[in-house]
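Enquirer: A single structure is presented below for examination.
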Amino acid sequence: MDKLKISGGVPLAGEIRISGAKNAALPILAATLLVDAPVKISNIPHLHDITTMIELLGCLGVYVMVDEKMNLEVDSRPLHSRTAPYDLVKTMRASILVLGPLLAKYGDANVSFPGGCAIGSRPVDLHLQGLRAMGADIDIDGGYIRASCRGRLQGAHILMDTVSVGGTENLLMAAALAEGQTIIENAAREPEVVDLADCLNAWGADVQGAGTATLVINGVPDLSGGDYQIMPDRIETGTYLAAAAATRGRVRLKDTDPHILESVLIKLEEAGAEIATGDDWISLDMQGRRPSAISLKTAPYPAFPTDMQAQLTAVNAVSEGVGAITETIFENRLIQAHELNRMGAKIDLEGNTAIVTGVETLKGAPVMASDLRASASLVIAGLVAEGETTVDRIYHIDRGYECIEEKLQQLGANIRRVPG
Ligand code: EPZ
């Protein structure tokens with residue numbers, strides 16, 4: 001397994017480009033199953049999860065052509081299977097996002113039941129509850145979700161007990177081709193849900209209210225397709241800003257959008273960062289100063305995103321003062337504390353809160369990645385630590401960060417990938 005070797009202590013400086021958003025590209029790739037024509041999707045990030053989704057579409061019979069800039073042409077008309085197999089779903093839970101589109105378009109779907117992962121049990125009960133409300137018959141058999149419906153799905157008034165990004169996306173895609181109107185109450189408001197809704201509307205759907213807690217979808221008989229450009233990745237953006245803050249650096253990120261991560265920018269300013277923004281860029285300057293500890297609580301958008309929690313924990317680890325980081329979305333998403341403590345951090349876990357007492361610096365060590373964002377926090381810690389840090393199992397990182405070592409090298413980091 002590849003590893004990342006990092007020699008820390010270098011303040012990040014320079015400019016990099018932000019890639020397209022993984023968590024917008026995944027549902028939009030699933031949405032191609034709804035369309036009766038080839039579609040062109042640009043600004044797709046070159047990530048392992050994207051490759052897995054392309055592989056899944058391919059195994060359903062969908063035609064996918066990738067050009068050298070990772071722009072895709074997708075045509076789902078040759079589809080010949082409605083089964084998302086275990087060996088693909090087990091590597092990427094977001095495969096569940098083909099369930100709603102297959103059911104809405106073809107009237108049946110067999111999707112391997114996605115298991116949990118390092119950060120939590122990751123149930124899909126809200127996805128299934130909503131599809132049943134739209135008239136689907138759903139059984140769990142042999143580790144598969146077996147779903148079918150007689151004729152078209154029917155519009156329904158659905159209340160989601162918990163805010164669920166994937167659940168909202170699955171039901172939104174199913175409702176796009178359902179008979180009549182669907183209203184989704186307590187819908188997720190994440191920018192990636194808005195990007196999916198904008199894409200569906202560009203392809204001929206009728207989705208209103210995206211970005212609010214109430215989605216109104218008027219089903220249409222078919223989607224005509226078109227071109228679409230994926231939004232920038234707000235979590236990649238926040239991760240590089242956090243790395244610059246921890247290393248007391250000065251960076252500029254382009255091809256991003258400051259309006260989709262306001263909560264992160266506010267917390268970084270609280271930590272002492274000087275932040276400037278434009279339509280498609282963000283700059284952060286610590287003026288060589290050590291960050292100040294901040295406290296935060298994760299919650300659904302527009303609150304502080306759970307996908308940025310581990311990264312801010314790493315910043316807090318080397319900040320001045322004590323900060324409390326509370327994780328309210330996933331039951332096991334403070335696991336990076338243990339590896340950070342092995343690098344000299346002082347993090348005490350009290351239930352779903354990490355109490356972080358900042359230290360002047362960390363000590364490099366061999367550490368192991370456990371999930372995507374925890375891995376990012378270990379890289380940030382390695383960038384600021386004295387000595388060498390080796391991050392193992394970085395396939396976790398390759399799922400969500402495009403060319404991470406190249407981008408960090410562009411910012412002056414002493415980091416290289418070594419074959420494991
Ligand atoms: C999406 O996961 C993201 N993944 C996650 O990003 C992100 O952390 C998460 O949303 C929260 O923002 C993608 O978009 C591919 P949820 P998802 O359904 O949709 C509970 C990353 O690092 N729940 O919003 O799986 C669930 O247990 C990844 O890029 C149910 O109870 O998350 C959790 O507590 C990690 N029943 C809460 O809702 C359900 O049916 C939020 O989960 C579904 C979810």
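Enquirer: Looking only at residues that are in a helix (DSSP H, G or I) and open to solvent by less than 70 Å² (accessible area, probe 1.4 Å) in the range 125-142, which one is nearest to the ligand (Cβ to nearest atom)?
Expert: Applying the filter and picking the extreme gives Leu126.
Enquirer: Between a first residue in the range 156-182 that is under 25 Å from Pro305 (Cα atoms) and a second residue that is open to solvent by 20 Å² or more (accessible area, probe 1.4 Å) and in a strand (DSSP E or B), which pairs have beta carbons less than 8 Å apart while being 6 or more apart in sequence or on different chains?
Expert: Sorted first by the residue in the range 156-182, then by its partner, the pairs are Ile158/Ile183; Ile158/Glu185; Leu159/Glu185; Met160/Glu185.
Enquirer: Identify the single condition in (1) within 20 Å of Pro221 (Cβ to Cβ); (2) among the charged types (D, E, K, R); (3) within 16 Å of the ligand (Cβ to nearest atom) that Arg150 does not satisfy, given that it satisfies every other one.
Expert: Result: Arg150 passes all but (3).
Enquirer: Residues in the range 336-352: is at least one at pLDDT 95 or above, of a type in the set (Lys, Arg) and away from the ligand (no atom under 16 Å from the Cβ)?
Expert: yes
Enquirer: Right, next: Tell me which residues, restricted to the range 14-25, are away from the ligand (no atom under 16 Å from the Cβ) and either within 18 Å of Thr361 (Cβ to Cβ) or touching an Asp or Glu at 6+ places or on another chain (Cβ under 6 Å) (or both).
Expert: Once the filter is applied, which keeps residues that are away from the ligand (no atom under 16 Å from the Cβ) and either within 18 Å of Thr361 (Cβ to Cβ) or touching an Asp or Glu at 6+ places or on another chain (Cβ under 6 Å) (or both), the range 14-25 yields only Arg17.
Enquirer: Next question. Scan the range 80-97 and report the pairs whose first residue is assigned to a strand (DSSP E or B) and whose second residue is open to solvent by less than 20 Å² (accessible area, probe 1.4 Å), with Cβ atoms within less than 7 Å and a gap of 6+ or a chain change.
Expert: That search, which allows pairs on different chains as well, returns Ala84/Leu56; Ala84/Ser95; Ala84/Val98; Ala84/Val111; Ala84/Ser112.
Enquirer: Another one. I'd like the residue in the range 72-93 that is within 20 Å of the chain's Cα centre (by Cα) and modelled with pLDDT under 95 and, out of all such residues, is surrounded by the most Cβ atoms within 10 Å (Cβ to Cβ).
Expert: My answer is Val89.
Enquirer: Here's a follow-up. Read through the list (1) among the aliphatic types (A, V, I, L, M); (2) modelled with pLDDT under 95; (3) surrounded by fewer than 24 Cβ atoms within 10 Å (Cβ to Cβ), then give the number of the only condition that Ala369 fails.
Expert: Among (1) among the aliphatic types (A, V, I, L, M); (2) modelled with pLDDT under 95; (3) surrounded by fewer than 24 Cβ atoms within 10 Å (Cβ to Cβ), the lone unmet condition for Ala369 is (3).
Enquirer: Please state which one of Glu402, Glu360, Glu386 is touching a residue at least 12 places away in the same chain (Cβ under 8 Å), open to solvent by 30 Å² or more (accessible area, probe 1.4 Å), within 16 Å of the ligand (Cβ to nearest atom) and of a type in the set (D, E, K, R).
Expert: Of the residues listed, the single one that is touching a residue at least 12 places away in the same chain (Cβ under 8 Å), open to solvent by 30 Å² or more (accessible area, probe 1.4 Å), within 16 Å of the ligand (Cβ to nearest atom) and of a type in the set (D, E, K, R) is Glu402.
Enquirer: Name the residue, out of Ile96, Ile54, Ile50, that is of a type outside the set (Asp, Glu), closer than 27 Å to Glu406 by Cβ, crowded, with 21+ Cβ neighbours inside 10 Å and at pLDDT 95 or above.
Expert: Ile50
Enquirer: Here's something else I'd like to know. Could you look through the range 26-42, keep only residues that are modelled with pLDDT of 95 or more and open to solvent by 30 Å² or more (accessible area, probe 1.4 Å), and pick out the one that is nearest to the ligand (Cβ to nearest atom)?
Expert: Checked the range 26-42; the qualifying residue nearest to the ligand (Cβ to nearest atom) is Ser42.
Enquirer: Considering each of Thr247, Thr313, Thr256 in turn, give the residue that is within 27 Å of Gly211 (Cβ to Cβ) and either buried (at least 17 other Cβ atoms within 10 Å of the Cβ) or away from the ligand (no atom under 15 Å from the Cβ) (or both).
Expert: Thr256
Enquirer: Another question about this same structure. Filter the range 150-164 down to the residues that are closer than 18 Å to Leu99 by Cβ and charged (D, E, K, R), then identify the one that is least open to solvent (accessible area, probe 1.4 Å).
Expert: My answer is Arg152.
Enquirer: A further question follows. Out of Glu320, Glu331, which single residue is within 28 Å of Ile260 (Cα to Cα) and away from the ligand (no atom under 16 Å from the Cβ)?
Expert: Result: Glu320 is the single residue among Glu320, Glu331 that is within 28 Å of Ile260 (Cα to Cα) and away from the ligand (no atom under 16 Å from the Cβ).
Enquirer: Follow-up question, since we're still on this one. Please work out if Ala156 is over 30 Å from Gly288 (Cβ atoms), in contact with a Ser or Thr (Cβ under 8 Å, 6 or more places away or on another chain) and among the small types (Gly, Ala, Ser).
Expert: yes
Enquirer: Please identify the pairs in which a residue from the range 190-205 that is closer than 17 Å to Asn43 by Cα has its Cβ atom under 6 Å from the Cβ atom of a residue that is within 14 Å of the ligand (Cβ to nearest atom) and open to solvent by 10 Å² or more (accessible area, probe 1.4 Å), counting only partners at least 6 apart or on another chain.
Expert: Pro191/Ile260; Glu192/Asn23; Asp195/Met231
Enquirer: Among the candidates Ile275, Ile282, Ile294, Ile266, which residue alone is over 21 Å from Leu378 (Cβ atoms), buried (at least 21 other Cβ atoms within 10 Å of the Cβ) and among the aliphatic types (A, V, I, L, M)?
Expert: Residue meeting the stated conditions: Ile282.
Enquirer: Could you check the range 274-335 for strands (runs of 3 or more DSSP E) lying wholly inside it with 3 or more residues that are over 29 Å from Ala118 (Cβ atoms)?
Expert: 274-278, 281-285
Enquirer: More than 9 Å from the ligand (Cβ to nearest atom), under 24 Å from the mean Cα position of the chain (by Cα), over 21 Å from Arg333 (Cα atoms) and surrounded by 19 or more Cβ atoms within 10 Å (Cβ to Cβ): is that true of Ala109 in this structure?
Expert: No.
Enquirer: Let me ask something additional. From the list Ala188, Ala178, Ala156, exactly one residue is within 14 Å of the ligand (Cβ to nearest atom) and aliphatic (A, V, I, L, M). Which is it?
Expert: Sole residue among the options that is within 14 Å of the ligand (Cβ to nearest atom) and aliphatic (A, V, I, L, M): Ala188.
Enquirer: Oh, and also: What pairs can you find where one residue is in the range 251-277 and over 23 Å from Gly288 (Cα atoms), the other is charged (D, E, K, R) and crowded, with 24+ Cβ neighbours inside 10 Å, and their Cβ atoms are less than 8 Å apart, with a gap of 6+ or different chains?
Expert: Thr256/Asp233; Thr256/Arg234; Asp257/Arg234; Ile260/Arg234; Leu261/Arg234
The values are calculated or read from the model by the stated rules, or taken from the named source; none is laboratory data. This one's a predicted model, so the numbers in the text were calculated from it and none came from an experiment. Neighbour counts are summed over all protein chains in view; Cβ atoms, including those assigned to glycine, are modelled from backbone coordinates with ideal geometry. Heavy atoms of the whole protein, side chains included, go into the accessibility calculation; ligands, DNA and RNA do not. Shrake-Rupley method; radii C 1.70, N 1.55, O 1.52, S 1.80 Å.
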